[in-house]
């Protein structure tokens, strides 16, 4: 179902009784704008805006594949620099994403999970080393800080919870996200062929398509 519907006058508007509220920007407090700009540029985040007016500077950066951006600058936030914590970046491969950070000179934590089997990424008392043993979605983490101490967290996410996205829409934010999904589909399809006697599945495109849609919408994966 579309998020808009046709009005009698031929224009479109939000579905009756519901407006779309898309998270667009997070404002982060920093003490040194130039230092913060160098850090986020080093991460490879896209520079969407860099406005200067005398000694004042305002920047907007967007992480690769993200629909949401961050803004920081001179006098932008009344909050204490470094006070933003546990800002979550979803990744499909936690170990590969951490290595990318390390290669860029970021002091990232080791990969960890909740040793009690839960999802308490914020509680240092339950942290256990390594990714989640069952590689459950939402259950493996890495943390790192920007120069002011604003805290970021990588969270491995491969299958979204039911209802998290529109089940009628399947989309990928980047080619790497799509490639990761295709690799998971290929591995699962290999097991499917084994269960089917090891014969070549001529309908593999249909199976892949069903897998990709189910994985994103949180539905049961094809077997």
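The values are calculated or read from the model by the stated rules, or taken from the named source; none is laboratory data. Not measured: the values here are computed from a predicted model. Please note: Cβ atoms are built from the backbone with ideal geometry, for glycine as well, and neighbour counts cover all protein chains shown.
Please go through the range 146-177 and pick out each residue that is in a loop (DSSP other than H, G, I, E, B) and at pLDDT 95 or above.
Within the range 146-177, the first condition is being in a loop (DSSP other than H, G, I, E, B), and the residues that meet it are 146-150, 157-174.
Once the filter is applied, which keeps residues that are in a loop (DSSP other than H, G, I, E, B) and at pLDDT 95 or above, the range 146-177 yields 146, 147, 148, 149, 150.
Sort through 24, 5 and tell me the only one that's exposed (fewer than 12 other Cβ atoms within 10 Å of the Cβ), closer than 23 Å to residue 149 by Cα and at pLDDT below 95. Talk me through it step by step, then tell me what you get.
Details: 5 fails: closer than 23 Å to residue 149 by Cα.
Testing whether each residue is exposed (fewer than 12 other Cβ atoms within 10 Å of the Cβ), closer than 23 Å to residue 149 by Cα and at pLDDT below 95 leaves just 24.
For the range 25-62, how many residues meet the condition of being part of a loop (DSSP other than H, G, I, E, B) and in contact with a strand residue (DSSP E or B) (Cβ under 6 Å, 6 or more places away or on another chain)?
Of the range 25-62, the ones part of a loop (DSSP other than H, G, I, E, B) are 28-32, 43-45, 54-55.
Still in the running and in contact with a strand residue (DSSP E or B) (Cβ under 6 Å, 6 or more places away or on another chain): 28, 30, 45.
Residues meeting the conditions: 3.
Residues that are over 24 Å from residue 59 (Cβ atoms), at least 3 per element: which strands (runs of 3 or more DSSP E) completely within the range 71-145 meet that?
On the way: elements: 87-91, 112-114, 127-129, 140-145.
Per the criteria, 112-114, 127-129, 140-145.
Regarding residue 66, is this residue over 19 Å from the mean Cα position of the chain (by Cα) and within 30 Å of residue 123 (Cβ to Cβ)?
Values: over 19 Å from the mean Cα position of the chain (by Cα): no; within 30 Å of residue 123 (Cβ to Cβ): yes.
It is false that residue 66 is over 19 Å from the mean Cα position of the chain (by Cα) and within 30 Å of residue 123 (Cβ to Cβ).
The rows are residues; the columns are (1) closer than 30 Å to residue 135 by Cβ; (2) assigned by TED's automatic domain parsing to the domain that holds residue 142; (3) surrounded by 14 or more Cβ atoms within 10 Å (Cβ to Cβ); (4) modelled with pLDDT under 95.
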residue	(1), (2), (3), (4)
9	no, no, no, yes
18	no, no, no, yes
38	no, no, no, no
54	no, no, no, yes
57	no, no, yes, no
67	yes, no, no, yes
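Quick one: is residue 118 in contact with a helix residue (DSSP H, G or I) (Cβ under 8 Å, 6 or more places away or on another chain) and surrounded by fewer than 13 Cβ atoms within 10 Å (Cβ to Cβ)? Give the derivation first.
Working: in contact with a helix residue (DSSP H, G or I) (Cβ under 8 Å, 6 or more places away or on another chain): yes; surrounded by fewer than 13 Cβ atoms within 10 Å (Cβ to Cβ): yes.
When the stated conditions are applied, residue 118 passes them.
From the list 54, 65, 75, which residue is at positive phi and free of Cβ contacts under 8 Å to residues at least 12 places away in the same chain?
Working: 65 fails: free of Cβ contacts under 8 Å to residues at least 12 places away in the same chain; 75 fails: free of Cβ contacts under 8 Å to residues at least 12 places away in the same chain.
Going through 54, 65, 75 in turn, the sole match is 54.
I'd like to check something: does the range 94-103 contain any residue that is more than 25 Å from residue 177 (Cβ to Cβ) and modelled with pLDDT of 95 or more? I'd like the intermediate steps shown before the answer.
Of the residues in the range 94-103, the ones more than 25 Å from residue 177 (Cβ to Cβ) are none.
No - not one qualifying residue is present in the range 94-103.
For the range 121-144, which positions are under 17 Å from the mean Cα position of the chain (by Cα) and surrounded by 15 or more Cβ atoms within 10 Å (Cβ to Cβ)? Spell out the reasoning first.
Step one: list which residues in the range 121-144 are under 17 Å from the mean Cα position of the chain (by Cα), which gives 121, 131, 135-144.
Of everything in the range 121-144, those that are under 17 Å from the mean Cα position of the chain (by Cα) and surrounded by 15 or more Cβ atoms within 10 Å (Cβ to Cβ) turn out to be 121, 131, 136, 137, 138, 139, 140, 141, 142, 143, 144.
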